[in-house]
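See below for the structure under consideration.
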Amino acid sequence: MSETPHRKPRILLGVTGSIAAYKSLELVKYLKSSAEVRVVLTAAGSRLVPENELKKASGFPVWTSLFKGATPIKPGTPGGSHPLAVVPHIEYAKTADLILIAPATADILGKLVQGLADDLLSTLCLYASCPIWAAPAMNVRMWNHPAVVSNRKILLARGVSFLGPDNGHLACGEVGDGRFAEPREIAFQVESHFRHFGEWTGKKVLVAAGPTREPLDPVRVITNHSSGKMGYALAQAALNRGAEVILVSGPTRLIPPAGIKTYWVETAEEMRNRVHRNFPKSDILIMAAAVSDYRPSRVSKTKLKKTSGGLTLRLRKNPDILAEALKNKKSSQIIVGFSAETDHLAQNALNKWKKKPCDILVANQVGKKGSGFGTDRNEILVFSRKNPKPLWFKNDLKSRLAEKLLDEINKF
Ligand code: C5P
């Protein structure tokens, strides 16, 4: 959103022809609690979700055609009064705060890349000047097709943000990436974009996320199960608030949000270099990465051979990035650390907080189903210098926990 409007934010919701199109009805319901929603339905979308239902859900007529509502040009009409200049969807697109394409098919992504304008939605995407967000939904093989992968990259570079897709069971019966993100989650992201936008303008936020990978030989690594989801959710939340965000990411399968400068790293040493280079100019450092504490003392140039007996590995300690940052910290900087524990969460985290006195230490239980590493959810215990007692944030989506953590950071 370019400025904080006094009116309700305006969303132009593009519904395209994915099986998940029927979920747009639920999405409209959630979006409406914080925004005005006007729907543009593509021809393929209209075969999957009835226009009338979307009209009922949004409370407005659904736009399906570029020409509906436009009066034909009468011979002799002066050039300045072209009918497209006055049709309602064009007028609306001019003042929209966000175009959300949900679900977004491979087809609309391709059209956006090519700059095609052969239907109403693609035309409005070229015309409007507001941000475009896309929540893709398609078969996993389509999502991973080189053409779609390349289109995603181009769109990201142009500033299109992606919400999802999730990994899981797909409508076609296959399993993998391509599942439409949960409508409630999409609406949550949109709402937080509008609610907090601008709050962190001028702040520089550095986030380290994901695992590290320590090579043993050219084919083997020591790593962990971190998915990077918590760190990415924090980066997204900071971006939603208008901060300038730098993400230092270990290897993950996630797509960093558009508008975030991302450095990809493998080892703890590489992560340390990137973090330390960017830390001095950051206002906030969030170390959500699961940094490998050790690395092999020696990296073999060739693949280690199997022997008849066992194999003993010699490991050496990795630098502690967070501890080093704490030593160099200026009083104006805020540092958030994480503490992943399998047992005695509160006690172990408290011990860690004494050793690494971050402004905020976030303790999370790992190795438990439905929370921690690799999942979309987490439950966390938050130690903050601003709170007399630790706060318990019960099991919730990482995106929501990220918002709550940012609210804790706001107390400094
Ligand atoms: O001591 P422990 O590894 O549990 O500390 C976790 C916190 O320290 C996390 O914030 C993690 O990102 C950070 N860390 C680090 N460098 C390491 C190990 C952990 O910055 N080598």
Could you check the stretch 195-219 and list, in sequence order, the residues that are more than 15 Å from the chain's Cα centre (by Cα) and closer than 15 Å to Ser399 by Cβ? Arg195, His196
Leu345, sole failed condition from (1) within 27 Å of the chain's Cα centre (by Cα); (2) at pLDDT below 95: (1)
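Of the residues Trp133, Trp143, which is touching a Pro at 6+ places or on another chain (Cβ under 9 Å) and either at positive phi or not aliphatic (A, V, I, L, M) (or both)? Spell out the reasoning first.
On the way: Trp133 fails: touching a Pro at 6+ places or on another chain (Cβ under 9 Å).
Of the residues listed, the single one that is touching a Pro at 6+ places or on another chain (Cβ under 9 Å) and either at positive phi or not aliphatic (A, V, I, L, M) (or both) is Trp143.
Could you list all residues from the stretch 387-412 that are among the charged types (D, E, K, R) and not in a helix (DSSP H, G or I)?
Of all residues in the stretch 387-412, those among the charged types (D, E, K, R) come to 389, 394, 396, 398, 400, 403-404, 407-408, 411.
Of everything in the stretch 387-412, those that are among the charged types (D, E, K, R) and not in a helix (DSSP H, G or I) turn out to be Lys389, Lys394, Asp396, Lys411.
Looking only at strands (runs of 3 or more DSSP E) that fall completely inside the stretch 166-251, which ones have 2 or more residues that are free of Cβ contacts under 8 Å to residues at least 12 places away in the same chain? Spell out how you get there, then give the answer.
Details: elements: 166-169, 175-179, 204-209, 244-249.
In the stretch 166-251, the matching strands (runs of 3 or more DSSP E) lie at 166-169.
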May I ask you to list the residues in the stretch 20-49 that are open to solvent by 30 Å² or more (accessible area, probe 1.4 Å), modelled with pLDDT of 95 or more and of a type outside the set (Asp, Glu)? Tyr22, Lys23, Leu25, Lys29, Tyr30, Lys32, Arg38, Ala43, Ala44, Ser46, Arg47, Leu48
Between Gly372, Gly367, which is within 14 Å of the ligand (Cβ to nearest atom) and open to solvent by 20 Å² or more (accessible area, probe 1.4 Å)? Gly367
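Those residues that are among the hydroxyl-bearing types (Ser, Thr, Tyr) and free of Cβ contacts under 8 Å to residues at least 24 places away in the same chain, I need them from the stretch 313-347; list them, please.
Looking only at the stretch 313-347, we keep the residues that are among the hydroxyl-bearing types (Ser, Thr, Tyr), and these are 331-332, 339, 342.
Answer for the stretch 313-347, where residues must be among the hydroxyl-bearing types (Ser, Thr, Tyr) and free of Cβ contacts under 8 Å to residues at least 24 places away in the same chain: just Ser331.
Within the stretch 376-391, track down each residue that is more than 18 Å from Asn351 (Cβ to Cβ), open to solvent by 60 Å² or more (accessible area, probe 1.4 Å) and free of Cβ contacts under 8 Å to residues at least 40 places away in the same chain. Before the answer, list the steps.
Applying the first criterion (more than 18 Å from Asn351 (Cβ to Cβ)) to the stretch 376-391 yields 376-379, 386-388, 391.
When the remaining residues are screened for being open to solvent by 60 Å² or more (accessible area, probe 1.4 Å), the result is 376-377, 386, 388.
Those that are more than 18 Å from Asn351 (Cβ to Cβ), open to solvent by 60 Å² or more (accessible area, probe 1.4 Å) and free of Cβ contacts under 8 Å to residues at least 40 places away in the same chain: Arg377, Lys386, Pro388.
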Could you count how many residues in the stretch 50-70 are crowded, with 21+ Cβ neighbours inside 10 Å, more than 27 Å from the chain's Cα centre (by Cα) and either outside the structural domain of Ala93 (by TED's automatic domain parsing) or within 13 Å of Ser24 (Cα to Cα) (or both)? 1
Quick check on the stretch 100-155: of everything there that is part of a loop (DSSP other than H, G, I, E, B) and of a type in the set (A, V, I, L, M), which residue is most open to solvent (accessible area, probe 1.4 Å)? Leu116
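The values are calculated or read from the model by the stated rules, or taken from the named source; none is laboratory data. From a predicted model like this one, the values you see are computed outputs, not experimental measurements. Don't worry about glycine lacking a Cβ; one is built from the backbone with ideal geometry, like all the others, and counts go over all protein chains shown. Areas reflect the complete protein model, heavy atoms only, side chains present, ligands, DNA and RNA absent. Shrake-Rupley method; radii C 1.70, N 1.55, O 1.52, S 1.80 Å.
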